[in-house]
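Visitor: Starting off with a structure, shown below.
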Amino acid sequence: MNSTKLNYDQIASEYNQRYPATQQWERGQALLELATGLKAKTILEVGSGTGYWLNLLHQITNGLYGLDYSMGMIQQARQQPATLNLARGTGTQLPYQSGTFDLIYCVDAIHHFGNHRAFIQEAFRLLKPNGALAIIGHDPHDEGLPSWYIYNYFDTVYDTDLRRYPAGTSIMKWMEQDGFTDTSAQTVERIQNIHVGDAVLKDPFIKHNATSQLALLSKETYQAGLRRINEALAEAKEKNERIVFRSEINVKMFLGYKK
């Protein structure tokens with residue numbers, strides 16, 4: 001069985017390959033609009049990784065804080081143009097004083113925090129009155145099996161995601177139970193990448209270390225998935241058929257306010 005814990009130090013130097021310059025990230029625009037509406041002066045990203053999203057917010061404020069468990073990722077974040085206040089820690093014990101932040105968020109990270117509800121409780125503690133918590137990511141529990149070819153060709157990936165990701169319904173329930181008001185869930189980005197034939201092999205997300213879904217796999221399991229893809233390509237070519245690999249994923253933002 002593959003582990004659900006990933007050593008990000010090992011992949012930190014290449015992690016930004018998942019953010020090609022040609023890609024427009026609507027979730028980033030959603031963050032910008034939220035921070036602008038809040039007139040946020042102090043912002044904390046938990047699971048800040050290479051600082052990609054924090055750097056985007058430097059046009060809103062200089063009070064940017066990032067927390068990550070991986071020192072390798074923190075070292076990468078220090079290379080961002082924006083000045084970031086970075087610290088090492090876990091998502092369940094945030095090393096800041098209560099009532100410090102106007103906005104706390106995480107992007108594609110809550111599934112790494114272990115105790116998901118503890119993170120939500122900690123975020124409530126750290127927010128100022130009228131501050132907001134935004135949890136952004138996809139929900140593999142939602143609407144059945146997402147149309148993502150990675151789930152179809154690589155063994156265990158979907159089942160592992162179901163175990164490590166909290167359901168969106170649970171996030172909303174925890175927020176409300178732990179004091180957040182005006183909670184909402186909305187789709188902020190629809191990833192629609194269509195790879196026809198051999199083009200799938202150039203998808204940056206198919207690399208072993210590009211996403212936690214694949215990085216968690218053993219070398220043998222990852223290579224077996226690649227073989228399935230190549231076999232499918234060969235079969236389609238032999239039959240003179242067009243084969244399409246789809247990535248159609250809804251990215252949601254779960255939002256709550258501390259009154």
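Visitor: What area, in nm² and to one decimal, does the C-alpha convex hull of the stretch 66-176 cast on average over all directions? Let's see the in-between values first.
Guide: Working: hull surface 33.8 nm².
Mean shadow area of the hull around the Cα atoms is 8.5 nm².
Visitor: Let me ask something additional. Sequence gap at least 6, Cα distance under 8 Å: using those rules, report the relative contact order of the chain to the nearest whole percent. Mind dumping the intermediate values first?
Guide: Numbers: 469 pairs, mean separation 56.7, N = 259.
Answer for the chain is 22 percent.
Visitor: Per DSSP helix of 4 or more residues, -39500 (n - 2.57); summed, then divided by the residues of the chain. What does that give at 222 nm, rounded to the nearest 500?
Guide: Numbers: 9 runs with 83 residues, N = 259.
Taken over the chain, the calculation gives -9000 deg cm²/dmol.
Visitor: In whole Hz, with x marking every Gly and Pro, tabulate ³J(HN,Hα) for the stretch 200-215 from phi via Karplus 6.51 cos²θ - 1.76 cosθ + 1.60, θ = phi - 60°.
Guide: Those phi angles translate into 4, 6, 9, 5, x, 7, 8, 5, 4, 10, 7, 9, 5, 4, 8, 5 Hz.
Visitor: Please report how far the C-alpha centroid of the stretch 242-259 lies from that of the stretch 35-74, rounded to the nearest whole angstrom.
Guide: 21 Å
Visitor: Please compute the Kirkwood hydrodynamic radius over the stretch 159-259, one decimal place, Å, based on all pairs of different Cα atoms. If you can, show how the numbers build up before the last one.
Guide: Working: mean 1/r = 0.0601 Å⁻¹.
Radius from the Kirkwood sum: 16.6 Å.
Visitor: Separate question: Calculate, in nm to one decimal, what R190 and E235 gain on full extension: separation in residues at 0.36 nm each, minus their alpha carbon distance.
Guide: On the way: separation 45, 0.36 × 45 = 16.20 nm, distance 3.01 nm.
Extending this stretch completely gives an extra 13.2 nm.
Visitor: If you don't mind, another one. Lysine pairs in the chain with Cα distance under 25 Å, only those 8 or more apart or on different chains: how many are there?
Guide: Eligible lysine pairs with Cα atoms under 25 Å apart amount to 24.
Visitor: Find the Rg to Rh ratio for the stretch 131-173, where Rh is the Kirkwood radius over alpha-carbon pairs and Rg uses the same atoms.
Guide: Values: Rg = 12.1 Å, Rh = 11.6 Å.
Dividing the radius of gyration by the Kirkwood radius yields 1.04.
Visitor: On a 0 to 90 degree scale, rounded to 10, what angle separates helix 26-38 from the longest Cα axis of the chain?
Guide: Around 10 degrees separate the two axes.
Visitor: Positive end of the charge dipole of the stretch 106-161 (Lys, Arg +1 and Asp, Glu -1 on Cβ, about the Cα centre): tell me which of A118, Y153, P140 has its Cα farthest that way.
Guide: A118
Visitor: Taking the Cα-to-Cβ direction at T183 and at K41 and moving 7 Å from each Cα, how far apart do the two end points lie in nm?
Guide: Output for this residue pair reads 3.0 nm.
Visitor: Moving on. Nearest 20 debye, what's the magnitude of the dipole of the stretch 71-169 about its Cα centre given +1 on Lys and Arg Cβ and -1 on Asp and Glu Cβ?
Guide: On the way: 7 positive and 9 negative charges, 115 e Å.
So the magnitude is around 560 debye.
Visitor: In what sequence, highest mean first, do 24-30, 133-139, 108-114 appear when ranked by Cβ atoms within 10 angstrom? Don't skip to the answer; put the middle values down first.
Guide: Details: 24-30: 15.9, 133-139: 23.3, 108-114: 20.0.
So the order, starting with the most tightly packed, is 133-139, 108-114, 24-30.
Visitor: Rule-of-thumb check for the stretch 60-111: C-alpha Rg over 2.2 N^0.38 Å?
Guide: Details: Rg = 11.4 Å, N = 52, 2.2 N^0.38 = 9.9 Å.
That works out to 1.15 for the stretch 60-111.
Visitor: In units of 2.2 N^0.38 Å, what is the alpha-carbon radius of gyration of the chain?
Guide: Details: Rg = 18.9 Å, N = 259, 2.2 N^0.38 = 18.2 Å.
So the Cα radius of gyration is 1.04 times the expected 2.2 N^0.38 Å.
Visitor: Determine the percent antiparallel among the DSSP beta bridges restricted to the chain, to the nearest 5.
Guide: Numbers: 24 of 42 bridges.
Antiparallel bridges: around 55 percent, rounded to the nearest 5.
Visitor: Among 57-67, 211-221, how do they line up by average Cβ neighbours within 10 Å per residue, starting with the highest?
Guide: Working: 57-67: 19.3, 211-221: 16.5.
Packing order, densest peptide first, comes out as 57-67, 211-221.
Visitor: With a 1.4 Å probe and every protein chain left in place, tell me how much accessible area M73 has, in Å² to the nearest 10.
Guide: 0 Å²
Visitor: So with the 1.4 Å probe, I'd like the accessible area per residue for the chain, rounded to whole Å². The partial results should precede the final answer.
Guide: On the way: 12580 Å² over 259 residues.
Accessible area per residue, the chain: 49 Å².
Visitor: Using the eigenvalues of the Cα gyration tensor, what equivalent ellipsoid semi-axes result for the stretch 130-206 when each is taken as the square root of five times the eigenvalue, whole Å, largest first?
Guide: Values: eigenvalues 190, 45, 18 Å².
Semi-axis lengths for the stretch 130-206 are 31, 15, 9 Å.
Visitor: Divide, for the stretch 7-139, the radius of gyration over alpha carbons by 2.2 N^0.38 Å, where N is the residue count.
Guide: On the way: Rg = 13.7 Å, N = 133, 2.2 N^0.38 = 14.1 Å.
The value comes to 0.97.
The values are calculated or read from the model by the stated rules, or taken from the named source; none is laboratory data. In this text, all values refer to a predicted model and were calculated from it rather than measured experimentally. Here the Cβ is made from the backbone with ideal geometry for all residues, glycine too, and neighbour counts use every protein chain on show. To get the accessible areas, we keep the full protein, side chains included, count just its heavy atoms, and leave off ligands, DNA and RNA. Shrake-Rupley method; radii C 1.70, N 1.55, O 1.52, S 1.80 Å.
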